[in-house]
Each structure stands twice: as C-alpha cells, then as structure tokens.
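Take a look at the structure below.
The values are calculated or read from the model by the stated rules, or taken from the named source; none is laboratory data. Keep in mind that what you see is a predicted model, and the values were worked out from it rather than measured. Ideal geometry is used to build each Cβ from the backbone, glycine not excepted, and the neighbour counts take in all protein chains shown.
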Amino acid sequence: MWMVDPEAVVKGDTTWLLAAGVLGIGALLIHIVLYVRARFADPFILPIVVALNGIGLAMIYRIDLTTSANAGAAQIMWTGVAMVASAVTLFFLKDHKILRRITYTSLAVALVLLMLPLVPGLGVEINGARIWISILGRTFQPGEIAKIALAVFFAGYLSTHRDLILLAGKKVGPVRLPRFRDLAPMFVAWLISIGVLVLQKDLGSAILFFGLFLSMLYLATGRIVWVLLGLVFVAVGGVLAYNFISHVHYRIYAWVHAFDPEIYNQPFGGSGQVVQGLFGLASGGLFGRGWGNGRPDLVAFSNSDMIITALGEELGLLGLGAILMLFLLLVTRGMRAALGTPDAFGKLLAAGLSLVMVIQLLVVIGGVTRLIPLTGLTTPFMSAGGSSLLANWVIVALLLSISHSARAPHVVETYDDVPESISRQGEADGATSVISRISETSHQGSTKVGDARE
C-alpha cells in the first residue's frame with residue numbers, strides 16, 4: 001500500500017485493513033472448524049491458499065489504483081463469502097465418502113449448471129462468451145461450480161466401474177479395447193466439452209472439462225490407450241472447431257499471427273492483450289520492476305485473465321516462480337491426500353480436484369506466454385472473479401476433508417490366522433491403478449530404508 005499510493009494511506013484509506021481482516025477472520029474460522037471436525041487435516045493447505053488469496057487481493061487493489069477498474073471491494077466481499085462457504089462445507093461434510101452416493105445426481109447438477117447461461121433472460125454474454133448468469137445485478141459463472149460436480153461424478157463412476165473398464169472388451173494384440181458401453185462416459189465428457197465450446201463460446205472451460213476426465217481416467221485405469229483415444233477425440237474436435245466455429249478460428253489465427261499489425265490493432269479478438277502482456281513480462285526481467293512500478297494499465301483485463309503478467313512484471317521471474325512454487329506445494333499436498341486415503345473414491349476425487357488447478361494453471365500460463373491460444377480461464381485464488389474464488393475455496397474444503405481421512409489414526413484389528421495373500425489382497429482392494437502403485441512403491445522404499453538402518 002505504501003509503495004503504490006502513500007497518499008491514500010495518509011488520507012485514511014482502510015481498504016488494505018479490511019482485506020487483511022477478512023483474510024484473518026476467515027482463516028481463523030476455518031481453523032476452528034478444522035479443530036472441531038477435521039483436526040488431522042493437512043496443516044499446509046490452508047496457509048498456502050490464504051497466502052495466494054492475499055497476493056491476489058493486493059495485486060487487484062494495486063491495479064484498481066492505476067485504472068478505472070473497481071474490482072478490489074467486490075473481491076474482498078467474495079473472499080469472505082468463499083471462506084465462509086469453505087467453513088460450512090467442512091462443518092457439514094463429516095465424511096467425503098457421502099458424496100459417492102450422489103454420483104449421477106452430480107452429473108445432472110453439472111448439466112443444469114452448464115445450461116443456465118443459455119436460458120433467455122438469465123444468461124448474459126460478456127466479451128463474446130455466454131458463460132455468466134445475472135442475479136440481482138451481479139454476474140455469476142455456474143461452470144465454476146459445475147467443474148466440482150463433474151469431478152465428483154467422474155470419481156464416483158470410475159471408482160465403481162474400474163474393473164469393467166480394465167477387463168471387459170476384446171484384446172487386439174497387447175491392447176485391450178474397451179467396450180462401446182464403457183465409452184459412454186467419455187462420449188458424454190466430449191459432448192459436454194464440445195457443447196460448451198459451441199453454445200457458450202468458451203474454449204478454456206471445454207479444455208478444462210475434458211482434460212479433467214482424461215487425467216482421472218488414466219489415474220483410475222493406468223491404461224495409456226485411454227489417453228491416446230482421448231487425444232484422438234481432442235484432435236477431431238479441434239479440427240472441427242477450427243473449421244466450423246468462427247470464434248475458435250479467430251482465436252487460433254490471432255495466436256499464430258500475434259505480431260501482425262492488423263491482428264494486433266483489432267478492437268475485438270485481436271492479439272493486443274497477449275502482446276502487451278508479453279512486453280510486461282519482458283520488462284519485469286529477473287527481479288521485477290518493483291511493486292507499484294509496472295504498467296498493468298496497458299494490458300486489458302490485467303486484474304483477471306492477465307494477472308499473471310502483472311505479477312511477473314512487478315515481481316519478476318523470481319517472484320512469479322515463488323508464486324508457482326506455492327501452487328506446486330498446494331497440488332502436491334492434494335496428491336498426498338489422494339495417496340493416503342484408503343478408499344478409491346477419495347483417491348480419485350482428491351487427485352481430480354488437484355488436477356483441476358494444474359490444468360487451469362497450464363492453460364492460463366500457456367495462454368499469457370503464447371504457448372497456446374489465450375482462453376480466458378482465471379488463475380485460481382488470485383484473479384478477480386467471485387465465482388472462481390468461491391469454487392476454489394470449496395475445492396480446498398474437500399481436499400482438507402479428504403486429507404483428514406488420510407491422516408487420521410485408524411484402529412486396526414489384527415488376526416493371526418489370516419493368510420498373507422488375503423491380507424495383501426484386502427489392502428489393495430478398491431485402490432486406483434496408478435495411485436496404488438505409487439503408494440506401494442513408496443511403502444516398499446520406506447521399508448528398505450528402515451531395514452538398512454536396522
């Protein structure tokens with residue numbers, strides 16, 4: 001605050017104090033709920049998320065001071081709402097396995113949420129994409145909640161039908177081809193992605209939804225053939241979208257010819273936003289220009305889609321790398337919860353929710369650095385936007401609940417007469433393919449280390 005606008009501090013601007021109070025009280029509320037309901041939850045997840053949320057609030061407020069935007073106050077409000085929603089989720093969700101009972105209900109909920117922006121009078125189109133709904137003068141993006149519902153559906157379906165997917169079907173050489181009926185969920189996921197792409201004109205969400213399903217399918221089965229088949233669907237959908245969907249064609253064309261003056265100067269659908277973001281990252285260099293010394297006002301939507309470029313310009317490569325390390329730690333703690341929880345549903349759900357953040361970061365950073373076309377996805381916990389912030393804090397609550405199940409002590413009764421083969425079979429029962437192999441490898445490695453020490 002002092003580095004950006006010291007005059008505002010002298011005049012008594014208390015926005016920074018309000019933001020700190022909301023974050024502090026919200027973190028304390030969640031900590032109390034964790035102590036009551038999930039005291040064995042991972043101790044690193046909450047501090048990491050609060051730090052990321054705080055950095056995002058600081059940058060959004062900093063951008064508001066130098067532009068006509070006024071997103072800081074709304075973001076503080078949504079931060080409080082999101083943290084309360086996270087605490088409520090933790091308090092009432094005593095066991096994450098309850099969500100397995102609503103596997104198909106969650107799919108129906110996701111479909112309804114994705115269809116809401118298409119309802120006349122309710123859905124609104126902003127910047128060419130129809131992914132928002134307007135309620136009481138405020139916009140909300142239902143697709144952010146839909147990604148959680150889809151993760152619950154995928155985890156429930158794959159944990160239940162894993163054996164059929166692995167064992168059923170004809171074997172052609174070394175590859176066992178899946179049956180058509182087992183391909184139904186992939187077709188559903190593909191159709192949802194194409195529907196979002198065509199009807200809502202949202203390339204980012206289409207990539208996120210299908211990427212989520214592909215990654216969870218691989219974790220459940222460990223079969224690379226499913227990933228290859230999914231990539232075939234992606235290729236077919238991409239070719240069709242490029243040739244028959246105008247906004248996808250223009251987006252890819254602007255990506256390829258970003259430095260063409262004609263494309264750069266286009267008022268809508270041009271490459272000026274991406275190019276200015278690249279210039280901002282370049283001017284930041286290794287150490288950055290300093291907090292408040294950058295020019296994020298030259299980049300369109302620098303407080304939402306392009307907040308990574310604003311952070312990179314003022315904090316430099318080292319500062320941006322530190323932020324990405326926080327995300328890396330958060331994802332690894334989510335994966336650690338997936339490895340530790342004993343049930344297959346919890347493993348897939350924790351891994352899927354962690355991969356949601358990974359896919360979002362890959363798409364966002366790839367877009368602003370021109371590795372892939374810019375899609376419009378938001379950076380988790382940092383970009384301006386209440387629906388994204390709310391959904392991500394609910395994801396944090398689910399990860400905390402699953403990590404509690406993974407870390408809580410369990411009473412295990414031992415029986416001397418149980419054969420070793422049955423005992424080992426019981427340990428592996430219900431485990432997903434890839435995650436269970438990683439767990440077994442880690443356990444064997446720790447056992448060898450212990451034997452060596454003895």
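Just to verify a result, which residue in the stretch 159-182, among those that are touching a Ser or Thr at 6+ places or on another chain (Cβ under 8 Å) and surrounded by 16 or more Cβ atoms within 10 Å (Cβ to Cβ), is modelled with the highest pLDDT?
Among residues in the stretch 159-182 that are touching a Ser or Thr at 6+ places or on another chain (Cβ under 8 Å) and surrounded by 16 or more Cβ atoms within 10 Å (Cβ to Cβ), the one modelled with the highest pLDDT is 159.
So if I check each of 247, 257, which one is within 26 Å of residue 297 (Cβ to Cβ), surrounded by fewer than 19 Cβ atoms within 10 Å (Cβ to Cβ), out of contact with any strand residue (DSSP E or B) (no Cβ under 8 Å at 6 or more places or on another chain) and in the same structural domain as residue 368 (by TED's automatic domain parsing)?
257
Suppose the filter is under 30 Å from residue 409 (Cα atoms), at pLDDT 90 or above, under 20 Å from the mean Cα position of the chain (by Cα) and assigned by TED's automatic domain parsing to the domain that holds residue 388; does residue 33 pass it?
No; evaluated as a whole, the condition is false for this residue.
Which one of 122, 90 is within 28 Å of residue 250 (Cα to Cα), in contact (Cβ under 8 Å) with a residue 12 or more places away in the chain and among the aliphatic types (A, V, I, L, M)?
Checking each option against the conditions leaves just 122.
Okay, residues lined up against (1) closer than 17 Å to residue 106 by Cα; (2) in the same structural domain as residue 362 (by TED's automatic domain parsing); (3) at pLDDT 85 or above:
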| residue | (1), (2), (3) |
| --- | --- |
| 184 | yes, yes, no |
| 195 | no, yes, no |
| 207 | no, yes, yes |
| 223 | no, yes, no |
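Considering only residues of the stretch 106-119 that are out of contact with any Leu (no Cβ under 7 Å at 6 or more places or on another chain) and touching a residue at least 40 places away in the same chain (Cβ under 8 Å), which is surrounded by the fewest Cβ atoms within 10 Å (Cβ to Cβ)?
In this case the residue turns out to be 111.
If only one of 346, 352, 367, 340 is under 29 Å from residue 238 (Cα atoms), in the same structural domain as residue 311 (by TED's automatic domain parsing), of a type in the set (Gly, Ala, Ser) and over 13 Å from the mean Cα position of the chain (by Cα), which one is it?
367 is the lone residue from the list that is under 29 Å from residue 238 (Cα atoms), in the same structural domain as residue 311 (by TED's automatic domain parsing), of a type in the set (Gly, Ala, Ser) and over 13 Å from the mean Cα position of the chain (by Cα).
Hey, could you check the stretch 375-414 for residues that are hydrophobic (A, V, I, L, M, F, W, C) and within 21 Å of residue 62 (Cβ to Cβ) and say which is modelled with the lowest pLDDT?
384
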